[in-house]
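Student: What follows is a single structure, and I will ask about it in a moment.
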Amino acid sequence: MILSRIPDELTLGGAAIVAASAAAATLTYAALSAGSQIFGHTIIAGTDPNEVALTYDDGPNDAATDELLDILARHNTRATFFMIGKFVRQRPEIARRVHAAGHLVGNHTETHPWLSWQSARVIREELRACNEALEDAIGAPVHYFRPPHGARRPMVFRAAAELGLKLVQWNAMGYDWKPIGPERILANIEKARRRAQRRRVGTNILLHDGYDRSMGANRSDTLKATEQLLQRFAREGVQVVGIDVWS
């Protein structure tokens, strides 16, 4: 049997396709994976597996944030709130209450876009406008930033650095934006927490007290899950910390 010889240009073309696919996969991971450090340093968690940080995105929300503050106060727990500028402008008094209660307040952009696909001008304006809204509301500088959806590229890091902001991601997600109920939220967090403990790092939990599209989102399942989490942490002796402990 005679085997046909594969032309060199086809072999080289195939190699180029494989290389391009690998490069695209690497860029996607760098831009969207919460754990990626490829484009720049990102705070994820500390080295103590017994430490947990509670972080809440997309507020302030008049339907949930105040009640969440009450839950955290009952358990003497400090959390981190990454707020959207357009909602801070609508409810600055809620942002002030969060800050006055001793919680960290962070930048989550002005309108919650996917920053990986935005121009340098838009990225800078999204971070600047949110910082302005937050600092006007709470009367204090902002030091932390979480990109919406975790999406970033090198320009995001440059824009954040210009404002003195440190990027923060997560390694545990409750998936509480879905209507899955508090028990599923807790199960998602516990699975991620066990994974973090195997890796001998702390757990940075992402939850939501708001919704990026509109004010007034129902986050009652998140509130119930938070209450149960804090009860569990108290029984187990888990230390709940602010993300500034890891920065």
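Only the coordinates and a few stated rules stand behind these numbers; no lab work does. Because the structure is predicted, anything quoted here is derived from the model rather than measured. Every residue, glycine as well, gets a Cβ built from its backbone with ideal geometry; the counts of neighbours run over all protein chains shown.
Student: The conditions are (1) farther than 22 Å from GLY181 by Cβ; (2) out of contact with any strand residue (DSSP E or B) (no Cβ under 7 Å at 6 or more places or on another chain), and LYS224 fails exactly one of them. Which is it?
Tutor: With (1) farther than 22 Å from GLY181 by Cβ; (2) out of contact with any strand residue (DSSP E or B) (no Cβ under 7 Å at 6 or more places or on another chain) applied to LYS224, the lone miss is (1).
Student: For residues that are surrounded by fewer than 24 Cβ atoms within 10 Å (Cβ to Cβ), of a type in the set (Asp, Glu) and either under 18 Å from the mean Cα position of the chain (by Cα) or within 26 Å of GLY35 (Cα to Cα) (or both), tally how many sit in region 203-227.
Tutor: 1
Student: Please pick out the residue among THR47, THR55 that is surrounded by 20 or more Cβ atoms within 10 Å (Cβ to Cβ) and either in a helix (DSSP H, G or I) or touching a Gly at 6+ places or on another chain (Cβ under 9 Å) (or both).
Tutor: Of the residues listed, the single one that is surrounded by 20 or more Cβ atoms within 10 Å (Cβ to Cβ) and either in a helix (DSSP H, G or I) or touching a Gly at 6+ places or on another chain (Cβ under 9 Å) (or both) is THR55.
Student: Consider ASN61 against the criteria (1) part of a loop (DSSP other than H, G, I, E, B); (2) under 18 Å from ALA172 (Cβ atoms); (3) not aliphatic (A, V, I, L, M): it satisfies all of them except one. Which criterion is unmet?
Tutor: Single failed check for ASN61: (2).
Student: I've got another one for you. Which residues, taken from region 152-168, are within 15 Å of PRO113 (Cα to Cα) and not hydrophobic (A, V, I, L, M, F, W, C)?
Tutor: Within region 152-168, ARG152, ARG153 meet the criteria.
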